[in-house]
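*Asks:* A single structure is presented below for examination.
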Number of protein chains: 2
Amino acid sequence: MRSPGLPTISAGITVLISAVVCYADPLPVNFGVVVFPAFQALDVFGPLDVLNMLSTQFKTNLFIIADTMDPVSTKSRAAAMNSTGSDFGQSIVPTHTFQNAPPLDVLIVPGGQGTRAPDLATTRAFIKDTFPSLQYLLTICTGSALVASTGVLDGRNATSNKASWVWATSQGPEVNWIPKARWTQDGNIWTSSGVAAGMDATYAFVEAIYGLAAADWILSKVEYERHTDPHWDPWGEYYNTTWPIV
Amino acid sequence: MRSPGLPTISAGITVLISAVVCYADPLPVNFGVVVFPAFQALDVFGPLDVLNMLSTQFKTNLFIIADTMDPVSTKSRAAAMNSTGSDFGQSIVPTHTFQNAPPLDVLIVPGGQGTRAPDLATTRAFIKDTFPSLQYLLTICTGSALVASTGVLDGRNATSNKASWVWATSQGPEVNWIPKARWTQDGNIWTSSGVAAGMDATYAFVEAIYGLAAADWILSKVEYERHTDPHWDPWGEYYNTTWPIV
């Protein structure tokens with residue numbers, strides 16, 4: 001599967017070029033990642049570390065998009081989530097807000113406890129409004145639950161964190177949730193299982209779009225042993241996830 | 001191996017308790033991570049995602065320490081490192097500077113291209129001055145090269161990113177570099193191989209200090225398949241790393 005945005009007028013040339021360079025469509029350049037309070041750090045930085053490395057091979061730009069320009073923390077805002085009294089988190093600096101984000105080719109939506117917050121209306125509106133003009137949408141972990149709540153995933157295959165399966169799937173009853181999957185790809189929508197699965201989904205995305213050599217070069221530098229089978233899912237087995245929920 | 005800081009006066013009680021709860025020493029509470037321009041994102045956020053989860057089980061605090069309070073970016077400052085013209089990076093917000101950092105139990109030193117910058121004198125001084133009062137030092141990737149350049153690793157076992165092996169080892173000729181290792185532990189010093197190996201080292205650290213149940217609980221939520229064998233190192237094999245360099 002390649003981008004649905006392939007220009008018909010240049011299809012002949014593109015096919016000719018694809019025989020040489022192994023990819024056909026306009027390569028995505030402008031990536032955005034949505035961040036919100038209490039996002040899961042590895043949901044964002046697992047994929048972005050892969051893409052940081054990709055950016056040294058292919059021209060790409062990243063926009064970090066939030067409600068405001070204030071730094072956004074991984075810390076939970078709910079006191080009930082901090083029974084240990086820990087003070088432990090990291091803040092990332094947005095480059096844009098939902099109001100002034102530039103056109104995007106790829107949107108990445110992470111998960112985390114923050115996806116359950118009651119004040120995500122502007123985040124949801126941004127996702128829903130941006131989706132039609134994207135080449136690709138990637139969700140990590142319960143990012144799929146957040147996107148599902150906008151209706152964007154209705155009728156599409158998707159997966160999510162298996163420890164949060166009942167809640168995540170409740171966010172999109174019309175989604176075709178895949179209960180045993182490291183990641184899913186349905187057309188231009190990629191969704192990953194929980195947290196670390198986002199790295200495997202991102203490597204699969206990089207391989208599909210930029211080629212296996214690009215993915216392998218990154219792996220040779222970052223010493224990550226990727227899972228290449230989207231059906232590998234010991235956590236789905238562990239939590240005995242189903243769809244519909246039984 | 002446990003903390004060298006075990007108080008002799010309470011050793012009897014500690015041994016008794018350890019039979020019940022599986023850990024004996026004062027648990028580390030105050031974690032610090034050093035950041036500098038062009039740090040590798042996953043070197044920082046791979047381990048910190050593990051520790052973010054740990055902080056919901058054990059009281060811990062995190063201090064993010066840099067030269068100044070300005071946000072610190074993963075982007076390279078060297079134009080030669082950006083031949084694609086990409087604009088792709090993320091900035092983390094420090095909580096303290098090298099001048100006002102609080103006492104730490106654990107210091108984490110990440111790697112990345114930024115470890116090769118010429119202006120790391122204050123970073124090195126902070127690491128060297130802080131080390132004697134630490135319970136534990138953890139390095140990720142070429143963070144070990146940065147620490148090695150301070151002399152702190154002299155005579156100790158350490159490893160580093162295998163793709164950067166020749167440069168990294170050159171930073172500490174008196175270190176006992178381990179050329180095939182996912183991570184090393186020598187007394188209170190833990191060092192990991194490249195980037196993603198930092199997650200495996202952190203899980204090993206969590207298991208050793210906070211117990212296997214703590215590590216397993218995190219893994220059940222974040223769907224990471226950890227490597228538990230410190231000798232597993234396909235990248236050491238691939239790059240045919242040796243010590244001394246031959």
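Nothing in this text is a laboratory measurement; each read-out follows from the coordinates by a stated rule. Since we're looking at a predicted model, the values are computed, not measured. Cβ: placed from backbone, ideal geometry, glycine included. Neighbour counts: every protein chain shown.
*Asks:* Tell me the distances, shortest first, between B:ARG77 and the same position across the other copies, using label points 7 Å along Cα→Cβ, in nm to one decimal.
*Replies:* Result, one decimal in nm: 3.5.
*Asks:* Mind pulling up the Rg/Rh value for the protein assembly as shown? Radius of gyration and Kirkwood radius, both on Cα. Don't jump to the answer; show the numbers that get you there.
*Replies:* On the way: Rg = 22.3 Å, Rh = 23.1 Å.
That ratio equals 0.97.
*Asks:* Where along chain B is the Cβ that lies nearest the axis linking it to chain A, and how many Å separate them?
*Replies:* B:PHE45, 2
*Asks:* Could you work out Rg/(2.2 N^0.38 Å) for segment A:151-200, with Rg from alpha carbons only?
*Replies:* 1.02
*Asks:* For the Cα atoms of chain A, what angle does the longest principal axis make with the long axis of helix A:212-222, in degrees from 0 to 90, nearest 10?
*Replies:* 50
*Asks:* Which of the residue pairs A:LYS128/A:LYS180; A:LYS75/B:LYS59; A:LYS59/B:LYS75; B:LYS162/B:LYS221; A:LYS75/B:LYS221; A:LYS180/B:LYS221 have a Cα-Cα distance greater than 21 Å in the structure shown?
*Replies:* Too far apart for the 21 Å limit: A:LYS128/A:LYS180; B:LYS162/B:LYS221.
*Asks:* If you don't mind, there's one more thing I want to ask. Between A:SER170 and B:ASP186, what's the calculated FRET efficiency when r is the beta-carbon distance and R0 is 45 Å? Round to 0.05.
*Replies:* 0.40
*Asks:* How far is it, in nm, from the label point at B:ASN240 to the one at A:ASP25 when both lie 7 Å from their Cα along the line to the Cβ?
*Replies:* 4.1
*Asks:* Continuing with this model, one more query. Across peptide B:190-197, what mean number of C-beta atoms from other chains lies inside 10 Å of a residue's C-beta?
*Replies:* Across the residues of B:190-197, the mean count of other-chain Cβ atoms within 10 Å is 4.
*Asks:* Okay, next question. Which residues' amide hydrogens lie under 5 Å from the amide hydrogen of B:THR142, considering only partners 5 or more residues apart or on another chain, with H built in the peptide plane?
*Replies:* For B:THR142, whose amide H was placed from the backbone, the distant partners under 5 Å are B:GLY111, B:GLY112, B:ASN161, B:VAL195.
*Asks:* Below 8 Å between Cα atoms, with a sequence gap of 6+, how large is the relative contact order for segment A:164-206 in percent?
*Replies:* RCO, segment A:164-206: 26 percent.
*Asks:* Under a 10 Å cutoff between Cα atoms, tell me which one of A:ASN100, A:ASN176, A:ASN30 has the largest fluctuation in the Gaussian network model of chain A.
*Replies:* Greatest mean-square fluctuation among the candidates belongs to A:ASN100.
*Asks:* Moving on to the next point. So what is the relative contact order for chain A, in percent, with contacts set as C-alpha pairs under 8 Å and at least six apart?
*Replies:* On the way: 477 pairs, mean separation 46.7, N = 246.
Once divided by the residue count of chain A, the mean separation gives 19 percent.
*Asks:* Using a Gaussian network model on chain A with a 10 Å cutoff between Cα atoms, which of A:SER133, A:SER83, A:SER220 fluctuates the most?
*Replies:* Evaluated over chain A, the most mobile residue of the options is A:SER83.
*Asks:* If you fit an axis through the alpha-carbon atoms of helix B:197-210 and take the longest principal axis of the Cα set of chain B, what angle between them do you get, 0 to 90°, nearest 10?
*Replies:* 20
*Asks:* Which of the peptides A:105-117, B:229-241, A:155-167 is most tightly packed, and how do the rest follow, going by the mean number of other Cβ atoms within 10 Å of each residue?
*Replies:* So the peptides A:105-117, B:229-241, A:155-167, ranked by packing, come out A:105-117, A:155-167, B:229-241.
*Asks:* Please report the projected area of segment A:183-242's Cα convex hull averaged over all directions, in nm². Write down the numbers at each step before the final one.
*Replies:* Details: hull surface 18.0 nm².
Across all orientations, segment A:183-242 yields a mean hull projection of 4.5 nm².
*Asks:* Binned at 5 Å from 0, what are the whole-percent values of the Cα-Cα distance distribution for segment A:42-133, short to long?
*Replies:* Percent of pairs per bin, in order: 2, 11, 19, 25, 20, 12, 6, 3, 1.
*Asks:* Choose one of B:THR74, B:THR139, B:LEU51: the residue whose Cα lies farthest towards the positive end of the charge dipole of segment B:39-173 (beta-carbon charges +1 Lys, Arg; -1 Asp, Glu; about the Cα centre).
*Replies:* Most positive-ward Cα: B:THR139.
*Asks:* Would you kindly work out, in nm and rounded to one decimal, the distances from the label point of A:GLU225 to those of the same position in each other copy, ordered shortest first, with label points 7 Å along Cα-to-Cβ?
*Replies:* 0.8
*Asks:* With +1 assigned to the C-beta of every Lys and Arg and -1 to the C-beta of every Asp and Glu, and no other charges, what is the dipole magnitude of the protein assembly as shown about the Cα centre in debye, to the nearest 20?
*Replies:* With only Lys, Arg, Asp and Glu charged at Cβ, the dipole is about 240 debye.
*Asks:* Still on this structure: In Å, what Kirkwood hydrodynamic radius results for segment B:104-154 from the alpha-carbon pair distances?
*Replies:* One over the average 1/r among Cα pairs gives 10.9 Å for segment B:104-154.
*Asks:* I would also like to ask the following. Which of A:ALA204, A:ALA148, A:ALA79 ends up with the largest GNM mean-square fluctuation for chain A, with Cα atoms connected below 10 Å?
*Replies:* Most flexible of the set in this elastic network: A:ALA79.
*Asks:* How far is A:THR97 from itself in the other copies, in nm, if each label sits 7 Å out from Cα along the Cα-Cβ line, shortest first?
*Replies:* So the distances to the same position in the other copies read 3.0 nm.
*Asks:* Starting from the exponent 0.38 and prefactor 2.2 Å, build the expected Rg for chain A from its residue count and divide its actual Cα Rg by it.
*Replies:* Relative to the rule-of-thumb radius for its length, chain A sits at 0.99.
*Asks:* For B:SER83 and B:HIS96 in the same chain, what is the full-extension length gain: residue separation times 0.36 nm, less their Cα-Cα distance, in nm?
*Replies:* So the extension gain works out to 1.4 nm.
*Asks:* Work out from phi, with θ = phi - 60° and the Karplus expression 6.51 cos²θ - 1.76 cosθ + 1.60, the ³J(HN,Hα) of each residue of segment B:94-102, listed in order in whole Hz, and give x for Gly and Pro.
*Replies:* Taking θ as phi minus 60°, the curve returns x, 9, 8, 9, 4, 7, 10, 5, x Hz for segment B:94-102.
*Asks:* How high is the relative contact order of segment A:17-158, in percent, with contacts defined as C-alpha pairs under 8 Å that are six or more residues apart?
*Replies:* 28
*Asks:* Please compute the average number of Cβ atoms from other chains found within 10 Å of each residue's Cβ in peptide B:76-85. The partial results should precede the final answer.
*Replies:* Working: counts 3, 0, 0, 0, 0, 1, 3, 3, 7, 4.
That works out to 2 on average.
*Asks:* Does anyone have the angle between helix A:121-130 and the longest principal axis of chain A? Alpha-carbon axes, 0 to 90°, nearest 10?
*Replies:* 10
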